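What follows is a set of notes on a single structure, which appears directly below.
The values are calculated or read from the model by the stated rules, or taken from the named source; none is laboratory data. Bear in mind that the values here come from a model prediction, so they are computed numbers and not experimental data. Using ideal geometry, Cβ is built from the backbone for each residue, glycine included, and neighbour counts are taken over all protein chains shown. When the accessible area is computed, the model is the full protein with side chains, heavy atoms only, and any ligands, DNA or RNA have been set aside. Shrake-Rupley method; radii C 1.70, N 1.55, O 1.52, S 1.80 Å.
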Amino acid sequence: MEREFFVCEVAAPRDKESLVELKVAVVGKWSGHHKGCFEITEKSLQEIKANFDNRLNDCVIDYEHNSLQGTENPAAGWIKSLEIKENALFAKVAWNPKAREFIEKGEYKYLSPTFQMHYKDPRSGADCGVFLHSVALTNTPFLDSLGEVKANSNPYKKGETMDKEKLEALEAENKALKEQLKVAQESLGKVNEQMACSLVDSALVACKITEGQKEWALSYAKSDLQGFKNFLESAQPQALPQNNLFANSNTKNTATPEIDVVKLTLES
């Protein structure tokens, strides 16, 4: 019986780490493959991982599926482990130098895993479900909906720098933002000063501070507007000073009587 292999594609990373994480399978159903309809379920992912874990050898990453042709097939890299998460299967991959160079130069961009749907265990002959036969570097993906897998979140590779034009544009943008921040801070400072003066004037009218406390109150309000507001909320109005201008003329005067110079002169 001829073994059936289903080949699909995911994006390869462009990174230079010793081990990189790549997505090699996702849950879904596909009807447009030349071998016919096939489906990867959550159970399929578990079968792939279990079959991988039961093998002693690493899974090969080749070039353009040469492992299926029986011809000379140097490895591009090796899958060291598999992990299931987010309804997908992720592989930890070690690239060989030549493949890493291809990927860094953009000469190879995608991965194409090959699945054997009814894998027979070599020892027992039992049907073990879906098996990851190999993975290939390719530029002709069957599936384009898996997205490009990035092994490094940093958009710049080690030793890479931005060109002068981009750097100058970023510096100009940064300078403009600093100027905008300075203007906003100055404007805010003026508003706070106006509010502080208004609060102090209101406090004077309400007799919550005296004229002699005005400078202190202004300094307090400018440095901590909310703190000064809290102070005013708890402050009690101060009593107004006594004014005897309209005092009752019949009120008994207990002070020492003044000498009437006119009266003394007339009596002399």
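For region 61-136, which GluC sites (Glu not before Pro) are in a loop by DSSP, counting at most 11 other Cβ atoms within 10 Å?
On the way: sites: Glu64, Glu72, Glu83, Glu86, Glu101, Glu104, Glu107; in loops: Glu64, Glu72, Glu86, Glu107.
In loop regions of region 61-136 (DSSP not H, G, I, E or B), the sparsely surrounded GluC sites (Glu not before Pro) are Glu72, Glu86, Glu107.
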Calc'd 3J(HN,Hα), region 110-122, phi into Karplus 6.51 cos²θ - 1.76 cosθ + 1.60 (θ = phi - 60°), Hz, glycine/Pro = x, comes to 10, 10, 9, x, 10, 10, 9, 6, 10, 6, 9, 4, x
Two pseudo-spin positions, 7 Å from Cα along C-beta at Glu215 and at Asn96, lie apart in nanometres by 8.5 nm
What figure in square angstrom, to the nearest 10, would you give for the accessible area of Glu186 with a 1.4 Å probe? 100 Å²
Roughly speaking, what is the stretch gain from Glu168 to Glu42, that is 0.36 nm per residue apart minus the C-alpha to C-alpha distance, in nm to one decimal? 40.4 nm
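Say the cut-off is 22 Å between C-alpha atoms; which of Lys85/Lys120; Lys190/Lys214; Lys178/Lys222; Lys23/Lys43 go over it? Display every interim value, and only then the final one.
Numbers: Lys85/Lys120 26 Å; Lys190/Lys214 19 Å; Lys178/Lys222 24 Å; Lys23/Lys43 17 Å.
Over 22 Å apart, Cα to Cα: Lys85/Lys120; Lys178/Lys222.
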Sorted by mean Cβ packing within 10 Å, highest first, what order do the peptides 167-174, 114-121 take? 114-121, 167-174
